[in-house]
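Novice: I am attaching a structure below and will ask some questions about it afterwards.
The values are calculated or read from the model by the stated rules, or taken from the named source; none is laboratory data. Please read all numbers here as calculations on a predicted model, not as lab measurements. So basically every Cβ, Gly included, is an ideal-geometry build from the backbone, and we count neighbours across all protein chains shown. With ligands, DNA and RNA removed, areas are computed over all heavy atoms of the protein, side chains included. Shrake-Rupley method; radii C 1.70, N 1.55, O 1.52, S 1.80 Å.
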Amino acid sequence: MNENIFRILAALILFTGMGISSYYRRKADKDTGEKIPRKVDGSVMMTFIKIGGLILWLSPLVYLINPNWMSWSKIGLPELIRWLGVGIGILCTLGIYWLFSSIGSGISPTSATRQQHVLSTKGPYRWVRHPLYTVGSSMFISFGMMADNWFIAALGVLAFIGMAIRTPKEEANLIEKFGDEYREYMKHTGRFLPKLF
């Protein structure tokens with residue numbers, strides 16, 4: 001299979017997901033008139049997010065510009081696995097739209113909550129408290145599969161770990177804001193995946 005087919009599909013999936021995310025994030029800032037300060041998560045976490053985010057976003061772009069520049073981390077995946085990556089990427093893009101349209105103006109770039117934040121329990125938030133972390137990291141893992149690249153897939157895993165480390169602080173903020181309503185919500189939902197029992 002021509003490498004360009006996977007590059008085109010990977011680009012469409014990645015840029016569609018980025019476009020949806022950017023649109024809803026800007027809309028939340030505009031609708032609330034509130035800019036969340038990034039320093040809320042502390043300097044260590046913000047350094048991790050800035051450096052990690054730069055590497056996370058640049059690596060797929062480098063692959064899209066010229067796959068040979070990322071050949072040092074090529075895996076040699078069977079074509080079927082690469083197509084599975086395309087399928088997962090499409091599902092992630094749909095998931096990104098679903099979760100952003102469900103949380104609306106409650107989306108925040110940090111662990112802080114917005115002053116007018118309303119607890120979202122619809123869409124994927126009916127079952128999962130932090131679907132963005134799961135879907136976003138899965139998007140990069142699927143990109144790694146499409147690109148046949150272990151480094152990009154590993155960045156998706158590391159991004160998830162970073163967000164998982166930040167999650168207890170985020171949940172503490174949500175408990176502080178919503179109290180027993182959020183504690184009750186936690187009993188019926190999974191943190192990153194739906195609760196099975």
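Novice: Which numbered condition trips up Ala154, out of (1) part of a helix (DSSP H, G or I); (2) in contact with a helix residue (DSSP H, G or I) (Cβ under 7 Å, 6 or more places away or on another chain)?
Specialist: Unmet condition: (2).
Novice: When you go through (1) hydroxyl-bearing (Ser, Thr, Tyr); (2) part of a helix (DSSP H, G or I); (3) touching a helix residue (DSSP H, G or I) at 6+ places or on another chain (Cβ under 6 Å) one by one for Thr113, which number turns out not to apply?
Specialist: (2)
Novice: Just give me the residues in the range 174-190 being open to solvent by 40 Å² or more (accessible area, probe 1.4 Å) and in contact (Cβ under 8 Å) with a residue 60 or more places away in the chain, in sequence order. If you could, list the steps in order and put the result at the bottom.
Specialist: Restricting attention to the range 174-190, the residues satisfying the condition of being open to solvent by 40 Å² or more (accessible area, probe 1.4 Å) are 175-177, 180-181, 183-184, 186-188.
Of everything in the range 174-190, those that are open to solvent by 40 Å² or more (accessible area, probe 1.4 Å) and in contact (Cβ under 8 Å) with a residue 60 or more places away in the chain turn out to be Lys177, Glu181.
Novice: While we're on this one: Looking only at the range 137-152, which residues are buried (at least 22 other Cβ atoms within 10 Å of the Cβ) and among the small types (Gly, Ala, Ser)?
Specialist: Ser137, Ser142, Gly144, Ala147
Novice: A further question on this structure: Could you check, for the range 31-49, whether at least one of its residues is β-branched (Val, Ile, Thr), out of contact with any Pro (no Cβ under 9 Å at 6 or more places or on another chain), modelled with pLDDT of 90 or more and exposed (fewer than 15 other Cβ atoms within 10 Å of the Cβ)?
Specialist: No: zero hits.
Novice: For the range 61-75, give me each residue that is open to solvent by less than 60 Å² (accessible area, probe 1.4 Å), touching a strand residue (DSSP E or B) at 6+ places or on another chain (Cβ under 9 Å) and of a type outside the set (Gly, Ala, Ser).
Specialist: Tyr63, Pro67, Met70
Novice: Mind checking which pairs have a first residue in the range 116-134 that is at positive phi and a second that is of a type in the set (Ser, Thr, Tyr) and assigned to a helix (DSSP H, G or I), Cβ under 6 Å, 6 or more apart or different chains?
Specialist: Pairs found: Gly123/Ser102.
Novice: Scan the range 76-100 for residues that are exposed (fewer than 15 other Cβ atoms within 10 Å of the Cβ) and closer than 16 Å to Asn2 by Cα and report the count.
Specialist: 5
Novice: Hey, can you tell me all the residues within the range 52-98 that are under 15 Å from Asn149 (Cβ atoms), of a type in the set (Gly, Ala, Ser) and in a helix (DSSP H, G or I)?
Specialist: Within the range 52-98, Ser59, Ser71, Ser73, Gly85, Gly89 meet the criteria.
Novice: Since Leu193 meets every condition but one in (1) of a type in the set (A, V, I, L, M, F, W, C); (2) touching a residue at least 60 places away in the same chain (Cβ under 8 Å); (3) part of a helix (DSSP H, G or I); (4) open to solvent by 40 Å² or more (accessible area, probe 1.4 Å), which condition does it not meet?
Specialist: Condition (3) is where Leu193 drops out.
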